[in-house]
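Comments concern the structure below.
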Amino acid sequence: KNKTAETEVKVADFINSFVDDVQKKADSFRLVELMTKWTGFKPKMWGPTIIGFGKYHYKYESGHEGEAPMLGFSPRKAAFSLYVYSDTKENKEQLKNLGKFKMGKACIYVNKLSDINISVLEKLSKESLAYVIEHHKCS
């Protein structure tokens with residue numbers, strides 16, 4: 001069973017109890033507002049710390065399958081983990097203009113929203129959303 005499954009925990013309750021830093025808390029609520037607008041989905045908690053929007057079904061060649069949020073983020077202690085990236089030509093180009101961030105395998109790490117260009121984040125998010133819709137079964 002996947003650890004990252006949709007839960008019934010309220011997003012606002014999670015942010016208010018988990019995020020201590022005032023700026024990170026404000027940025028978390030701003031990301032909720034932005035991603036809700038960009039996706040058209042209400043935020044849901046996925047696992048203990050991921051705030052996700054929409055969901056899709058994935059299946060790997062290994063046979064492992066499950067559900068995951070179409071877009072999401074986690075306000076981790078060190079930095080925000082933004083799950084808004086798909087490995088497309090368009091997204092690779094957008095990264096050049098994003099601002100100050102670090103890249104994981106499929107995750108973008110930012111310290112605070114003021115470090116990045118929000119309009120570029122929007123483009124990355126919408127491109128990833130389109131990619132997920134095109135390549136996966138979404139609900």
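The values are calculated or read from the model by the stated rules, or taken from the named source; none is laboratory data. If you're wondering where the values come from, they're calculated on a predicted model, not measured in any experiment. Cβ: placed from backbone, ideal geometry, glycine included. Neighbour counts: every protein chain shown. When the accessible area is computed, the model is the full protein with side chains, heavy atoms only, and any ligands, DNA or RNA have been set aside. Shrake-Rupley method; radii C 1.70, N 1.55, O 1.52, S 1.80 Å.
Observations on the structure shown:
- Taken over region 101-139, the residue count meeting the criterion of being hydroxyl-bearing (S, T, Y) and part of a strand (DSSP E or B) is 1.
Every residue, every condition in (1) of a type in the set (K, R); (2) surrounded by fewer than 12 Cβ atoms within 10 Å (Cβ to Cβ); (3) assigned to a helix (DSSP H, G or I), yes or no:
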{"residue": "E8", "(1), (2), (3)": "no, yes, no"}
{"residue": "D13", "(1), (2), (3)": "no, yes, yes"}
{"residue": "N16", "(1), (2), (3)": "no, no, yes"}
{"residue": "Q23", "(1), (2), (3)": "no, no, yes"}
{"residue": "D27", "(1), (2), (3)": "no, no, yes"}
{"residue": "L31", "(1), (2), (3)": "no, no, yes"}
{"residue": "T36", "(1), (2), (3)": "no, no, yes"}
{"residue": "F41", "(1), (2), (3)": "no, no, no"}
{"residue": "K44", "(1), (2), (3)": "yes, no, no"}
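- Against the test of being of a type in the set (S, T, N, Q) and closer than 21 Å to K44 by Cβ, the options S128, S119 yield a single qualifying residue, S128.
- Of all residues in region 16-36, those that are touching a residue at least 40 places away in the same chain (Cβ under 8 Å) have Cβ atoms under 6 Å from Cβ atoms of residues that are open to solvent by 20 Å² or more (accessible area, probe 1.4 Å) and part of a helix (DSSP H, G or I), 6 or more apart or on another chain, in V19/K25.
- I108 farther than 18 Å from A26 by Cα and aliphatic (A, V, I, L, M): yes
- Qualifying positions in region 110-128 - surrounded by 20 or more Cβ atoms within 10 Å (Cβ to Cβ) and either β-branched (V, I, T) or touching a Gly at 6+ places or on another chain (Cβ under 8 Å) (or both): V110, I116
- Reported count of residues in region 53-92, each being loosely packed, with under 11 Cβ neighbours inside 10 Å and assigned to a strand (DSSP E or B), is 1.
Residues checked against (1) among the polar types (S, T, N, Q); (2) within 30 Å of D20 (Cα to Cα):
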| position | (1), (2) |
| --- | --- |
| Y56 | no, no |
| K77 | no, yes |
| N91 | yes, no |
| F101 | no, yes |
| V120 | no, yes |
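- Of the criteria (1) modelled with pLDDT under 95; (2) on the phi > 0 side of the Ramachandran plot; (3) open to solvent by 50 Å² or more (accessible area, probe 1.4 Å), which one S139 fails: (2)
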